[in-house]
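Below is one structure, written out as structure tokens, with a few remarks after it.
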Amino acid sequence: MGRKRLRVLAIVVLSVLASTLLVGASQARTGSAPSGKQNWVVSVGGFRTDADRNYIRLGYLVFNPADNTVAHNFWTWNQADFPAPVNSGDVYYCGDWAPGSNPRNNCPIKTAPGFTGEPNGHFTGTYAENSGQVAITWTKSTVNGTTTTVNLAETWAVSEPRPGLGRLQLVSDDYSITSGIAYGSNASLAQTSKAPMSSVRATQRSYLLEGQGVNRRAITNWTRGGSGALGVGPGWNKCDDGSCLGFVQYDSGCAPTSCCLPGDGYEACAQKIIDTGDRRFYYLSDAFGGRRNSYEFWCECLSYNGCYLGNSHVRPLLQVIDDAGAFQGWVGAEVSPDRSGSRDPAGEYYSSFALVA
């Protein structure tokens, strides 16, 4: 009987140990998403000063804590490919506006090429969290239909700037990106989660700029809270069909050197900019699926008669939505190559940024 009790006791102990090991293994396999948030919008830039080969990724990150895998669907633009803007399909028209408050009507709102369709890039990989950071290793890349095996490492700092909203800031990488910013929550990435233009316009808010940009082969860093903001609210006019917003900024700093040809008429042109209020026109469009928006702006002095078809600033955007489903801003990219006819790559604008309240 003593030996039988020992055998029973041994079986019980082994069963408990096995059970403990299984629980431990399960816990080891199952991690958590950064800041507890699975769905993110992200903007990544690879900028350099020694060559005109800057590039941007703008897209979604989805973390799967069940197996610590991560997927990244994105649109990507490379300066070397001359990513000329295209019409978004949205045409600005507001029929109810106060004098001086409306940008040019009947103008197509432009966006970056490909942004009207599905993402053209896809990364998959794994992630691990440690001491307030998340390390991502991308192992497979598909861009424009071509799939390759890769080994790309990134480290991001994780924070939660407010309840229900996570933030990632690029710390380091082992390839060619120089800037990265992401905001995440557990809200769906589907179009049903996106705020309509009426909601974006309803309350006056300032969306603080942060990120990095390149122009004239010089890189500029923007620090949240110290680099300006985009203000959006009831002062913006709503398109008649509700798909877009428009705004006129006065005393905007539009330079005569950008708008006026050298020669006898230069001084008169420069004076006209002052006399007409030095105005800049802004257009914000919602004619897309998913979390997509896009905005474009240009100085009135570039085209006093009709829509400007030249070097406007073009910025595709993805909305930032918190856990409660509330709109908090955007992550975005600027894709503004020189379309003047005699291309000057150094004068082009590319950036990776966020605008978040």
Test of understanding: among 139, 149, which residue is under 30 Å from residue 33 (Cβ atoms), loosely packed, with under 15 Cβ neighbours inside 10 Å, of a type outside the set (D, E, K, R) and in contact with a Gly (Cβ under 9 Å, 6 or more places away or on another chain)?
139
Could you identify the single residue in 136, 181, 109, 177 that is hydrophobic (A, V, I, L, M, F, W, C), at pLDDT 95 or above, touching a Lys or Arg at 6+ places or on another chain (Cβ under 9 Å) and in a strand (DSSP E or B)?
181
Would you point out which residue out of 228, 211 is touching a strand residue (DSSP E or B) at 6+ places or on another chain (Cβ under 7 Å), in contact (Cβ under 8 Å) with a residue 24 or more places away in the chain and at positive phi?
211
Look at region 44-75 and say how many of its residues are surrounded by fewer than 20 Cβ atoms within 10 Å (Cβ to Cβ), assigned to a loop (DSSP other than H, G, I, E, B), in contact (Cβ under 8 Å) with a residue 40 or more places away in the chain and on the phi < 0 side of the Ramachandran plot.
4
Looking at (1) free of Cβ contacts under 8 Å to residues at least 60 places away in the same chain; (2) on the phi < 0 side of the Ramachandran plot; (3) surrounded by 15 or more Cβ atoms within 10 Å (Cβ to Cβ), can you tell me which one residue 265 breaks?
(3)
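Within region 76-106, count every residue that is hydrophobic (A, V, I, L, M, F, W, C) and crowded, with 23+ Cβ neighbours inside 10 Å.
Matching residues across region 76-106 total 1.
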Kindly evaluate residue 341 against the criterion of being more than 24 Å from residue 224 (Cα to Cα), at pLDDT below 95 and surrounded by fewer than 24 Cβ atoms within 10 Å (Cβ to Cβ).
yes
Residue 179, sole failed condition from (1) in contact with a Gly (Cβ under 7 Å, 6 or more places away or on another chain); (2) surrounded by fewer than 17 Cβ atoms within 10 Å (Cβ to Cβ):
(2)
Hits in region 202-244 (condition: under 21 Å from residue 49 (Cβ atoms), outside any strand (DSSP E or B) and touching a Lys or Arg at 6+ places or on another chain (Cβ under 9 Å))
217
For residues that are assigned to a loop (DSSP other than H, G, I, E, B) and more than 17 Å from residue 238 (Cβ to Cβ), tally how many sit in region 80-98.
4
In this structure, does residue 179 turn out to be farther than 23 Å from residue 56 by Cβ and not β-branched (Val, Ile, Thr)?
no
Taking residue 150 and the conditions (1) of a type in the set (A, V, I, L, M, F, W, C); (2) farther than 24 Å from residue 329 by Cα; (3) without any contact (Cβ under 8 Å) to a residue 40 or more places away in the chain; (4) touching a Leu at 6+ places or on another chain (Cβ under 8 Å), which numbered condition does it fall short on, given that it satisfies the others?
(4)
Please find, within region 261-286, the residue that is nearest to residue 110 (Cα to Cα) out of those that are in contact with a strand residue (DSSP E or B) (Cβ under 6 Å, 6 or more places away or on another chain) and not in a strand (DSSP E or B).
286
Can you tell me which residue among 74, 63 is in contact with a helix residue (DSSP H, G or I) (Cβ under 8 Å, 6 or more places away or on another chain), within 29 Å of residue 182 (Cβ to Cβ) and at pLDDT 95 or above?
63
Going through region 287-311 one residue at a time, which ones are part of a loop (DSSP other than H, G, I, E, B) and crowded, with 24+ Cβ neighbours inside 10 Å?
291
Enumeration of residues in region 160-205 that are charged (D, E, K, R), over 20 Å from residue 220 (Cα atoms) and without any contact (Cβ under 8 Å) to a residue 24 or more places away in the chain:
174
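The values are calculated or read from the model by the stated rules, or taken from the named source; none is laboratory data. The shown structure was predicted, so the numbers you read here are calculated from the model rather than taken from an experiment. Here Cβ is always computed from backbone atoms with ideal geometry, including for glycine, and neighbour counts include all displayed protein chains.
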